Amino acid sequence: METRTRTRDGVTTSYQARVCDHEYGPKEWRTYSYVKHHKWKGCVGSRNYPLDTQDTAPNSTIPGLLDRGCSREITTLTPSKSTISNEIDNMSASGNQTYIPAGLMWGWRMLSSDAPLTNGVSKSKMKSDNYTKAIILMTDGENTVSPNYPDHRTRNGTDADKLTKEICENIKDDGTGKEKIRVYTVTFAVTDPATKKMIRECATNDSYYFDASDSAALAAAFEQIGKSLVTMFISQ
């Protein structure tokens, strides 16, 4: 115990305080080791600009994103209606992040004969056999995130809009003249005028753009697109 003094309101008194003696030994260093396991679940990011707006052979590989949860694996071109229907039934939406360029780029890659997806008809065969390809782009919202390469966690819709517009133009013009890819676009319950304008201008022409305010209008839009594609097939 130790006697100490304190002053309160001008009056000094003494009191007993318990004091602990600390005995410190020599310094001791401890080291720890651990192993952290990273897993790739199939998610991919964007190549650096401008490769993220072009369908070019991936000399610069498309980067994978570790430890990230992904949506369902992409379904490549197939003549199987049941396969496509099953995949659509198993799709689910979550979150509130929209990045239109990613969906548009992978739709374009799916039609391509170049890696990473090679099921598409080559440009030379398209020319010789008079093929026409088609992309249907649908969005239910405006761009809310943008790339910080290779990820997409920056919230800059303006940058994402610029990339969307550039990809649309690149799809319709591959640099050697107009490539025969029809672009149909659909906005579903979108209220932002600028986004509607961007998606409308992405379409091959105004008649290939559809603005659906509800599920009935959305079904009608896809029915009309389907009829247009059948007509295009017969005309070939």
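Quick notes on this structure:
- Cross-chain or 6+ apart pairs with Cβ under 7 Å, segment 39-57 first and farther than 14 Å from ASP159 by Cα, then modelled with pLDDT of 95 or more and of a type in the set (Val, Ile, Thr): none
- Condition check for THR56: over 16 Å from PRO150 (Cα atoms), surrounded by 10 or more Cβ atoms within 10 Å (Cβ to Cβ), modelled with pLDDT under 90 and not small (Gly, Ala, Ser): yes
- Scope segment 84-110; condition part of a loop (DSSP other than H, G, I, E, B) and more than 23 Å from ASN156 (Cα to Cα); matching residues: ASN90, MET91, SER92
- Positions within segment 69-109 being within 24 Å of ASP161 (Cβ to Cβ) and charged (D, E, K, R), in sequence order: ARG109
- The helices (runs of 4 or more DSSP H) falling completely within segment 142-236 that include 2 or more residues that are modelled with pLDDT of 95 or more, touching a Pro at 6+ places or on another chain (Cβ under 8 Å) and surrounded by 14 or more Cβ atoms within 10 Å (Cβ to Cβ) map to 157-172.
- Looking only at segment 21-53, and only at residues there that are exposed (fewer than 13 other Cβ atoms within 10 Å of the Cβ) and of a type in the set (Phe, Trp, Tyr), the one that is farthest from LYS172 (Cα to Cα): TYR24
- The C-beta contact set for segment 17-28 (first residue within 20 Å of THR3 (Cβ to Cβ), second residue aliphatic (A, V, I, L, M) and exposed (fewer than 10 other Cβ atoms within 10 Å of the Cβ), distance under 9 angstrom, 6+ apart or interchain) comprises ALA17/MET1; ARG18/MET1; VAL19/MET1.
The values are calculated or read from the model by the stated rules, or taken from the named source; none is laboratory data. Just so we're clear, the structure is a prediction, and the values are computed from it rather than from any experiment. No Cβ is skipped: glycine too gets one built from the backbone with ideal geometry, and neighbour counts run over all protein chains shown.
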